[in-house]
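Worksheet: the structure to be examined is printed underneath.
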Amino acid sequence: RLVESGGGLVQPGGSLRLSCATSGRTSGTYTMGWFRQAPGKEREFVARIMWSTGSTYYADPVKGRFTISRDNAKNTILLQMNSLKPEETAVYYCAAAPPGRTGRYLYDYDYWGQGTQVTVSS
């Protein structure tokens with residue numbers, strides 16, 4: 001089970017930190033990812049982290065501004081988002097992919113959270 005939190009309204013250039021609480025089989029060995037879906041658009045990859053190694057990978061539009069990390073003690077995945085832009089308004093989803101997958105594509109992921117709304121607006 002994946003539960004996202006931390007979304008909300010932020011001004012352009014502002015920051016937000018999203019959290020994804022995990023439980024059960026997904027913590028410790030899975031690859032965890034963040035995706036987002038804006039109204040009328042397809043769900044797109046944002047970032048992923050391999051829980052066992054800490055290896056990260058980012059979509060080009062967010063490189064240098066977003067940071068994905070893990071808190072092993074709390075079984076939580078974090079997404080720190082800085083310098084947010086209005087076009088990044090979307091529902092942000094946490095997802096989990098079994099070991100052995102790259103975690104870069106939508107179809108890698110078997111488990112999804114319910115999403116958290118992020119609105120970037122003045």
I'd like the carbon and sulfur percentage of the solvent accessible area for the chain, probe radius 1.4 Å, heavy atoms only, ligands and nucleic acids excluded.
47
So how exposed is Tyr105, as accessible area in Å² (1.4 Å probe, rounded to 10)?
110
How much accessible area per residue does the stretch 26-105 have, counting only protein heavy atoms and a probe of 1.4 Å, in square angstrom?
47
Ordering Lys85, Lys74 by the accessible surface of their heavy atoms, 1.4 Å probe, largest first, yields Lys74, Lys85
Out of Ala95, Ala47, Ala38, a Gaussian network model of the chain with alpha-carbon springs under 10 Å gives the largest mean-square fluctuation to Ala38
What distance in nm separates the simple spin-label points at Gln37 and Ser122, each placed 7 Å from Cα in the Cβ direction?
3.1
Give, as a single signed number, the net charge of other residues whose beta carbon lies under 15 Å from the beta carbon of Asp60, with Lys and Arg counted +1 and Asp and Glu -1.
+3
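How big is the chain by the Kirkwood estimate over distinct Cα pairs, in Å?
For the chain, inverting the mean 1/r across all distinct Cα pairs yields 14.1 Å.
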Sorted list, accessible surface of protein heavy atoms, 1.4 Å probe, largest first, for Arg36, Arg43 is Arg43, Arg36
With every protein chain left in place, what is the accessible area of Glu44 in Å² (1.4 Å probe, nearest 10)?
80
May I ask you to evaluate 6.51 cos²θ - 1.76 cosθ + 1.60, the Karplus curve with θ = phi - 60°, for each residue of the stretch 18-23 and list the ³J(HN,Hα) values in order in whole Hz, giving x for glycine and proline?
9, 10, 10, 7, 10, 8
Report, by chain and number, residues whose modeled amide H sits under 5 Å from the one on Arg104, excluding near sequence neighbours (fewer than 5 apart, same chain).
none
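The values are calculated or read from the model by the stated rules, or taken from the named source; none is laboratory data. Keep in mind that what you see is a predicted model, and the values were worked out from it rather than measured. Cβ atoms come from the backbone with ideal geometry, glycine included; neighbour counts cover every protein chain shown. These area figures cover heavy atoms from the full protein model, side chains too; ligands, DNA and RNA do not enter into them. Shrake-Rupley method; radii C 1.70, N 1.55, O 1.52, S 1.80 Å.
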